[in-house]
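Since the structure comes first, as structure tokens, the remarks are kept for the end.
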Amino acid sequence: MKKILFLFIILFVNLVFAEIRINEVELNPQGQDSYNEWLELYSNEKVNLSGWRLINSDGEEKNLNYVFQEYLVIPFEGQWLDNENESIKLINNEGSLVFQTPLLKDSLNNEKTWSYCNRDWVLANPTKGYSNDCSVKDRDSDNANNTNQKKDLELDMDWEDDEIINGDEFYIEIRALNLEDKEYDVKVYIYDDENTLSQTYNENEKKWINSDNYLTSFFIGPGNKVERVKLRIKSRYEDFYGYAKIGLRIKERGSNVYKKEVKDEIEILKKYSKKPAYEQNKTNEDYVSKNLLQETSNKSSNKSSEIIKLGMKYNKTVYVSKRDNVKWYFIYSSIFLMLVLLFLIVIKGFI
């Protein structure tokens, strides 16, 4: 019983004090990156990596199935690591994060590797499969990239091309990266060479405002954020369609100077609505009838001698003037009298 308890204590101590980490990374090997990138793990105890995996900044996973102690070099097929903004996670078989590198960058196509030295990451001479050489460090300003490094603010816009229609409301998606722990105001505006063409919907105030105005506290940092802004073209520019410009500005809350601006080109589509055929025909008929009856009324008041008819499609008389009525009565009466006279002459000849 004592032996079992002793072995359990030894195993527990080994698990508690075992150090497993990513120890060295080759992001940008000399020459071709593909099939030449690699990563080194370190453990002071024997570890079974079955069910463990590595995840890169793009979310790609590499499954592990090794048993090792001290140093293990893992090669990558193809190009698995990026030369900048690369961070690698080591996940165990229970799905827990064991170790993660900071964001690493290597823009120099040389033999330097990122090495773990004294709880810090430095570019140093490669020691593939051995303890890291922490005596020679390359802290070139272009490559120094620790977790405390301040990153530049980045902005981007996106939209659905077929939804940007004059007369409709549409959305512009805004992405902001590397925000600090602050509040930010944002404005999105569509413009031509002389005028701002758009209005922006202010969700906080529930009203439309000129797109020259900022939306206050639109982003709250830190980190990366994605939001949408609702726009529409001003009614005074209802006839505008074609290409215009779109701008995005961001500034810190309370500041009068914007921190970042991006511009792009956007196409404003013309609104086109087509009625169903039966509605279009009904509209045409109503239009013809209304106009012809109006014309009839006008001609009647002027005592015109014309007969008004709808078009050939209808072939229907809608009005005959009094003068035409008298004329046709005279013609019909004359024809009738001539027929009667002719009939009497014929009868008299037989008698």
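Which order results if M157, M338 are arranged by neighbouring Cβ count within 10 Å, fewest first?
With the sparsest Cβ surroundings first, the list reads M338, M157.
Distance check, please: which entries in K62/K260; K46/K128; K62/K112 exceed 28 angstrom between their Cα atoms?
Values: K62/K260 37 Å; K46/K128 19 Å; K62/K112 23 Å.
Over 28 Å Cα-Cα: K62/K260.
Which value does Rg/Rh take for region 204-276 over its C-alpha atoms, Rh per Kirkwood?
Answer for region 204-276: 1.04.
Holding the Cα-Cα limit at 23 Å, pick out from K187/K230; K105/K251; K225/K263; K187/K271; K251/K271 the pairs that are longer than that.
Violating the 23 Å limit, Cα to Cα: K105/K251; K187/K271; K251/K271.
Given C-alpha coordinates of region 17-138, what is the ratio Rg to Rh with the Kirkwood estimate of Rh?
Details: Rg = 13.5 Å, Rh = 14.5 Å.
Reported Rg/Rh (Cα atoms, Kirkwood Rh): 0.93.
In Å and from the alpha-carbon atoms only, list the Rg and Dmax of region 154-268.
For region 154-268, the Cα-based Rg and Dmax read 13.8, 43 Å.
Considering the Cα positions of region 151-192, please state its Rg to one decimal place and its Dmax as a whole number of Å.
Every Cα atom of region 151-192 included, Rg and Dmax give 13.3, 40 Å.
Are there trypsin sites (Lys or Arg not before Pro) in region 211-256 that DSSP puts in a loop and that have at most 16 other Cβ atoms within 10 Å, and which ones?
Passing both the DSSP loop test and the Cβ count: R253.
Quick note: the coordinates plus some simple rules give every number you see, no bench work behind them. Just so it is clear, the model here is predicted, and its values are computed rather than measured. Note that we place each Cβ from the backbone using ideal geometry, even for glycine, and neighbour counts take in every protein chain shown.
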